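Read the structure below first, then the notes.
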Amino acid sequence: MNQFGTEANQRASNIYYHRCYQNGEFVDSAITFDEMKVRGLTIIDQLNTSTLKKRFMKFFYPGVLKRTKRWRQPEIS
């Protein structure tokens, strides 16, 4: 299964995950960063993987999420 979302032209997005982005739009455009963080951490908890891997993913997830194109803060010069 393709893990990437789709652009408006139905091509795979090379940036966004399929649960978040479909047909060139965010599935939940009104979601806040904190809500997305909780959603992601909940999904990590449900993964069929070791507790150690989950701990690492949960530790790094918020930082990775902050650096994504959607949530990145503009640099102040």
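The values are calculated or read from the model by the stated rules, or taken from the named source; none is laboratory data. None of these values were measured; they are calculated from a predicted model. No Cβ is skipped: glycine too gets one built from the backbone with ideal geometry, and neighbour counts run over all protein chains shown.
Say whether the condition of being among the aliphatic types (A, V, I, L, M) and at pLDDT 95 or above is met by at least one residue in segment 26-39. Yes: one or more hits.
Can GLN73 be described as over 11 Å from the mean Cα position of the chain (by Cα) and at pLDDT below 90? Taking the combined requirement at face value, the residue satisfies it. The residue of segment 9-50 that is surrounded by the fewest Cβ atoms within 10 Å (Cβ to Cβ), among those that are over 13 Å from the mean Cα position of the chain (by Cα) and in a helix (DSSP H, G or I), is GLN46.
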